[in-house]
Amino acid sequence: MRIAVDAMGGDHAPRVVVEGAVRAARELPTTEVILVGRTPKIEPLLREFSDRTGRVRIEHAASVVHMGDSPVEALRRKGDTSIGRCAELAKAGEADAILSAGNTGAAVAAAALAMGTLKGIRKPGIAAPFPTMTGGQCVVIDVGANVKPKPEHLLDYGIMATEYVAAILGTPNPSVGLLNVGAEDAKGNELVKETHALFRASHLNFAGNVEGRDIFKGEVDAVVCDGFVGNVLLKVAEGVAEAVLGTIRNALMEKLIYRIGAGLCRPAFRRLGGELNSSAYGGAQLLGINGICIISHGSADSKAISNAIRVATELSDKHVNDRIVETARKLKSKTQAETVSA
């Protein structure tokens, strides 16, 4: 498994990216990491973090797409960018996956332009796992790739989420819900209503409309929404998690008896913090492209980077893309057969 990592992407790049890449190479003996970016900045860090695996190398790229840049314009204007070079390596077959904690729009654009989409899939979408009260995960797609989707795109997201959950989380026949303002079939805007009809006609395990709170209850295994709503949902969830943990921490410091109790509950708090920490998940998956692309949070630390590399390896090992293509083919064949019979 060879993964091209955008060494210059992220709030704390390239330091945490290089550290995370070295850690991943140590923990994943069959994985090779290509650090893409400005060689003079990467080389000293590679020496500092003492890579002795021989499976981490540097691919020079002169430019960087910054967080505030217009994605497509920056890719064209700046030319030799670190995320652009990552995508080119994947297109050329020199990398099996790419990873970036930088500009999300640039990562989506670079991956889609260089790799193309999977057969039967019209638009890629970003899938992110959310922790649930049951101790499991609910995968939400899309959280930012496509802010103006069509109903057919959302159906594709349902297919991709189903196969991702089945392969990576090991859930048989995963249930899929459609994010809406209410559970009733008649609710929602035109996009949601049209999408609802497509899901009902499909062979997917469609659970109907779900509300935002149902995600965290673990009512369904996957939830589909447009990229605008999904991105807002993701960032609100991150903010709520930080606020809850901060409020608990402050309250426990108010009295001595509270602090004593907190000490006794430390293992539980540590577990809770781990479940709510985005570093544990590594990053979100850009599903639907003809390859593997992981998009980490801009504030990703070295643990998040190493975990993201691990996730990319799992996607490859469990042939998620092959499963998506086959399910999309079956759905298309079923739809055509029903159209002919009608």
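What's log10 of I(q)/I(0) for segment 159-274 at q = 0.20 Å⁻¹, Debye sum over Cα points only, no solvent? Log10 I(q)/I(0), no solvent term: -1.07. Between the beta carbons of Lys148 and Lys235, assuming R0 = 25 Å, the FRET efficiency works out to 0.85 to the nearest 0.05.
Each semi-axis of the equivalent ellipsoid for segment 1-99 is √(5λ) with λ an eigenvalue of the Cα gyration tensor; in descending order they amount to 22, 15, 10 Å. Distant-in-sequence amide contacts of Phe130, defined by a placed amide H-H separation under 5 Å and a gap of 5 or more residues or a different chain, comprise Cys138, Val139, Val140. Between Met133 and Glu242, the modelled label-to-label distance comes to 2.5 nm, taking each label 7 Å out from Cα in the direction of the beta carbon. For segment 211-252, a/c is not less than 1.5, where a ≥ b ≥ c are the root eigenvalues of the C-alpha gyration tensor, and a/b does not top b/c. That puts it in the oblate class. A straight line joining the Cα centroids of segment 39-54 and segment 297-337 runs 30 Å.
Above 39 Å, the calculated P(r) of the chain contains 17 percent of its Cα-Cα pairs.
Shape annotation for segment 178-229: C-alpha extents along the principal axes are 26, 24, 21 Å, from largest to smallest. Would you please give the FRET efficiency between Arg77 and Arg266, computed as 1/(1 + (r/R0)^6) with r the Cβ-Cβ distance and R0 = 51 Å, to the nearest 0.05? After rounding, the FRET efficiency stands at 0.50.
Values quoted throughout were computed directly from the atomic coordinates according to the rules given, and no laboratory measurement underlies them. Fair warning: this is a prediction, and the values are worked out from it, not measured in the lab. Every residue, glycine as well, gets a Cβ built from its backbone with ideal geometry; the counts of neighbours run over all protein chains shown.
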